[in-house]
Structure formats: C-alpha cells, structure tokens
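Structure first, then comments.
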C-alpha cells in the first residue's frame with residue numbers, strides 16, 4: 001500500500017504542470033505620473049491594482065509571479081523590456097489607465113501586439129525612437145534573435161513562425177482577460193491590437209490592459225475606489241486562470 005501511495009504521489013507530481021510565471025508591469029511611476037486628473041495619478045492606480053493582483057497570484061501555487069516595480073519608481077520602456085527578458089516569464093501583463101479628449105470614451109481595453117505593414121511599422125518605429133528619451137534604443141524582436149541564431153535562409157522563417165505563435169497566444173490571453181472582466185462591464189470594453197514598444201520586444205504572450213478612462217466621470221469614480229481596485233485585480237486573476245487552463249488543455253508548454 002505504501003509503495004502504491006508513493007507511486008501515485010510521484011505520478012501526480014510528474015503530471016502536474018509547472019506554475020505559470022506571470023510578470024506584472026504597473027505602468028508609469030516615479031517622475032512619470034501617466035495620465036492625471038486632479039490629484040489622481042495613473043501611476044498610483046496601476047500600482048495599487050498590480051499589488052492586489054500580485055497577492056492573489058502569490059497565494060496560488062499554480063502561479064509564479066514577479067513585478068517590474070513594487071513601489072513608486074520610474075522605469076523607462078527599455079528597462080521594462082529588459083527586466084521582462086531577464087525574468088523569462090510565461091506571461092507579461094502591463095497595466096495602465098486611459099484618457100481621451102472625448103469624455104464619453106469609457107470602459108476597459110485589452111491590447112496585444114499586432115503585425116504592421118512596413119510603411120506603418122516604419123512610422124511607428126520613428127515615433128517610438130523620438131519618444132524614448134533616455135531609454136536604451138535596443139530592439140530584441142524575434143527577427144533580431146533569429147538572425148543571430150540561425151542561418152540567413154531560415155532565420156526569417158523561424159522569426160515569422162515564432163512571432164505568429166506569440167501573437168496568437170497573446171490574443172488568447174487578451175480574450176481570457178476580457179471575458180472575465182466584471183468591473184464596469186459594458187459594450188465599451190474591447191480587445192485591440194497596437195504596436196506598444198514593450199509588447200513588441202518580448203518573446204512571450206503579452207497583453208496591455210487599460211483599466212478605464214480617467215477622463216470619463218463614471219470611470220473616474222470607479223478608478224479612485226480601493227474596493228474597485230480589488231475587483232479589478234480579481235477579474236485579472238480569473239482571466240489568467242482561464243488562460244492557464246486553456247494552454248494546459250491544448251498541450252502548450254509553460255517553459
């Protein structure tokens with residue numbers, strides 16, 4: 001009987017998937033307040049929600065979790081990308097708060113990296129370089145890595161395959177997050193694609209969440225409440241649970 005119990009324990013340990021490593025990136029911080037309204041700063045909201053999400057994931061053995069920042073400090077875009085590459089997470093989640101000149105714009109938005117045609121990508125690249133300020137201007141896309149790892153004739157093929165898989169899984173992540181979003185549930189909540197620098201620099205499924213619009217009165221009232229921060233963290237946690245379950249069921253490796 002003891003031998004059987006030991007065998008069952010070993011079999012269960014072997015069968016159990018490894019914890020999903022989530023890297024949470026609270027947007028802005030330090031000298032970079034992000035969008036503001038009155039005395040409310042985006043950097044404060046993103047950190048508050050991120051810390052709550054961190055605690056939820058930390059208590060769940062099916063996850064491993066780290067943060068790019070756990071306090072009000074400044075990280076430029078290149079530093080965030082480098083931290084993400086060094087941490088080697090299974091999932092990267094960047095948390096932000098939105099704004100819009102049109103005060104009617106409201107709701108959460110869930111972004112993942114898109115594939116742009118050359119002319120648009122060139123425009124984006126120029127815009128990004130101009131906006132990076134003191135950031136280190138280093139790109140680490142799949143094309144960059146493949147070029148330095150494989151012969152020239154296969155590097156572009158490898159890059160395209162890896163990038164397509166990453167984008168597909170990023171879209172699945174965004175969909176899981178939106179599906180489980182109960183906070184301020186309305187038709188305005190959307191999934192979008194956009195060329196965010198940090199997302200484009202990672203070789204892992206990634207998403208950027210805009211929790212709501214500080215420029216909208218209804219969203220603003222919600223975004224400034226601690227109880228709502230807790231609900232938002234719970235929603236993101238449930239979305240990550242669904243994503244983890246989906247990739248486990250389809251046989252995707254977490255490492």
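Taken together, the values in this text are just the output of simple stated rules run on the coordinates, not laboratory data. These numbers come from a predicted model, not from an experiment. Methodologically, a virtual Cβ is constructed for each residue, glycine included, from the backbone with ideal geometry; neighbour enumeration extends over all protein chains shown.
Summary table below
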quantity	calculated
Cα-derived Rg to Rh of the range 8-114, Kirkwood definition	1.08
Estimated FRET transfer efficiency (residue 74, residue 234; beta-carbon r; R0 30 Å; 0.05)	0.60
Convex hull volume of the range 63-107 per residue (C-alpha atoms, cubic angstrom)	126 Å³
